[in-house]
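Q: After the structure tokens below, expect a handful of questions from me.
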Amino acid sequence: MSTYVFSDVHGHRAPLERVLDRISPSEADLFFCLGDMIDRGPDPVGVLRTVRSLPNVRVLMGNHEDLMISCLENPGDGLAAVNWGLNGGAATSTGLAELSGGEAAELEGWVRGLPRWAHVRVGERLYLLVHAGVRLTTPVPATWDDAGVAAFFSMQDPEDLAWIREDFWGAPRGLSGEDGSGPVVIAGHTPTPYLSGMAFEMDRDPVGEDGRARMVRVGPDRWDIDACAAAGAGLGQVLVLRLEDEREFYEPIEEGE
């Protein structure tokens, strides 16, 4: 069994399906999608369908899903509609409108019920999984067992889990503690090129020699896996990370997809 994590596909179904074909997951594999499946790219509904079809998939609420639900639940709220539209929601709203009523309602209900955090243990390491990050000033538990993880997240603001940026990536240290025994936080939301003016201790340049964005580790315990798919062809890629060996599977976004 392998454990895979990805985030911020932003409507780019074709490269997502190509990278999944390369991985060729088994029914025993476990997938975590950290949100922002929708908006900006050409086929957000296709991404929703593909993600839901994965074996043992656990999906989190991203800020774009948050914007979508706010708009759909408040059809008379012009500000909610403008916020979603300004953030690339047109492709998603159009795609949903083209579905049969039953499928649209099913997809919307599924998105509405998505959680905002998850955790998984792989070997000796604990990974905390969120869309955007966590508020690092939150008191940490004495023990990072399942109850401790739940207590830590119960003290987080749900809006931070979907929207936080500078206060997470720009903090001088994460959760690992002096002995390095704490968890690794894996998040997306912030395209890794943005980290250049924000983060401490990046392990490498967020743009590779091929000119495409890639994941970055900030210090020992914060991993940003948003490879800038929202930017589209040229800079953007879809990344799937396998936790057992930390292998990174990339698929560049080509023109028109």
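Q: Working only within segment 33-72, note down all residues that are of a type in the set (S, T, N, Q) and under 20 Å from residue 5 (Cβ atoms). Lay out the reasoning, then the answer.
A: Filtering segment 33-72 down to residues of a type in the set (S, T, N, Q) leaves 50, 53, 56, 63, 70.
Of everything in segment 33-72, those that are of a type in the set (S, T, N, Q) and under 20 Å from residue 5 (Cβ atoms) turn out to be 50, 53, 56, 63.
Q: For the condition surrounded by 14 or more Cβ atoms within 10 Å (Cβ to Cβ), modelled with pLDDT under 95 and either over 20 Å from the mean Cα position of the chain (by Cα) or not polar (S, T, N, Q) (or both), what is the one hit in 135, 165, 173?
A: 173
Q: Could you tell me which of the residues 117, 110, 84 is farther than 30 Å from residue 149 by Cβ and among the aromatic types (Phe, Trp, Tyr)?
A: Checking each option against the conditions leaves just 84.
Q: If I filter segment 1-19 down to residues being of a type in the set (Ser, Thr, Tyr) and out of contact with any Pro (no Cβ under 9 Å at 6 or more places or on another chain), which single residue comes out as surrounded by the most Cβ atoms within 10 Å (Cβ to Cβ)?
A: Of everything passing the filter in segment 1-19, 7 is surrounded by the most Cβ atoms within 10 Å (Cβ to Cβ).
Q: Which residue is nearest to residue 175 (Cα to Cα), if the candidates are limited to segment 195-209 and must be surrounded by fewer than 22 Cβ atoms within 10 Å (Cβ to Cβ) and touching a residue at least 24 places away in the same chain (Cβ under 8 Å)?
A: 200
Q: For segment 19-32, indicate whether the set of residues that are touching a residue at least 60 places away in the same chain (Cβ under 8 Å), assigned to a loop (DSSP other than H, G, I, E, B), touching a Leu at 6+ places or on another chain (Cβ under 7 Å) and within 22 Å of residue 1 (Cα to Cα) is non-empty.
A: No; the residues of segment 19-32 include none that is touching a residue at least 60 places away in the same chain (Cβ under 8 Å), assigned to a loop (DSSP other than H, G, I, E, B), touching a Leu at 6+ places or on another chain (Cβ under 7 Å) and within 22 Å of residue 1 (Cα to Cα).
Q: Let me ask something additional. Tell me the helices (runs of 4 or more DSSP H) entirely within segment 81-180 that contain at least 1 residues that are within 23 Å of residue 220 (Cα to Cα).
A: In segment 81-180, the matching helices (runs of 4 or more DSSP H) lie at 146-154, 158-163, 166-169.
Q: If residue 110 meets every condition in (1) within 19 Å of the chain's Cα centre (by Cα); (2) closer than 17 Å to residue 69 by Cα; (3) buried (at least 17 other Cβ atoms within 10 Å of the Cβ) apart from one, which number is that one?
A: Single failed check for residue 110: (3).
Q: Separate question: With segment 215-257 as the region, which strands (runs of 3 or more DSSP E) entirely inside it contain at least 2 residues that are surrounded by fewer than 23 Cβ atoms within 10 Å (Cβ to Cβ) and in contact with a strand residue (DSSP E or B) (Cβ under 6 Å, 6 or more places away or on another chain)?
A: Those strands (runs of 3 or more DSSP E) span 237-242, 247-252.
Q: On the given criteria, is residue 118 modelled with pLDDT of 95 or more and out of contact with any His (no Cβ under 8 Å at 6 or more places or on another chain)?
A: Yes, satisfied.
Q: Then there's this: Which of the residues that make up segment 103-161 are under 24 Å from residue 3 (Cβ atoms) and touching a helix residue (DSSP H, G or I) at 6+ places or on another chain (Cβ under 6 Å)?
A: 111, 116, 117, 119, 130, 131, 132, 133, 141
Q: Looking at (1) buried (at least 22 other Cβ atoms within 10 Å of the Cβ); (2) closer than 16 Å to residue 240 by Cα; (3) of a type in the set (D, E, K, R), find the lone condition where residue 212 falls short.
A: It fails just one condition, (1).
Q: Can you pull out the residues in segment 1-18 that are part of a helix (DSSP H, G or I) and charged (D, E, K, R)?
A: Across segment 1-18, the qualifying residues are 13, 17, 18.
Q: Let me ask you something else. Within segment 96-113, can one find any residue that is at pLDDT 95 or above, touching a strand residue (DSSP E or B) at 6+ places or on another chain (Cβ under 6 Å) and among the aromatic types (Phe, Trp, Tyr)?
A: no
Q: Which residue pairs have Cβ atoms under 6 Å apart, sit 6 or more places apart or on different chains, and have a first residue in segment 131-150 that is among the charged types (D, E, K, R) and a second that is part of a helix (DSSP H, G or I)?
A: Taking only residues 6 or more apart or on different chains, the pairs are 135/160.
The values are calculated or read from the model by the stated rules, or taken from the named source; none is laboratory data. In this text the structure is predicted, and so the values were computed from the model without any measurement. Cβ sites come from the backbone with ideal geometry, for glycine too, and all protein chains shown count toward neighbours.
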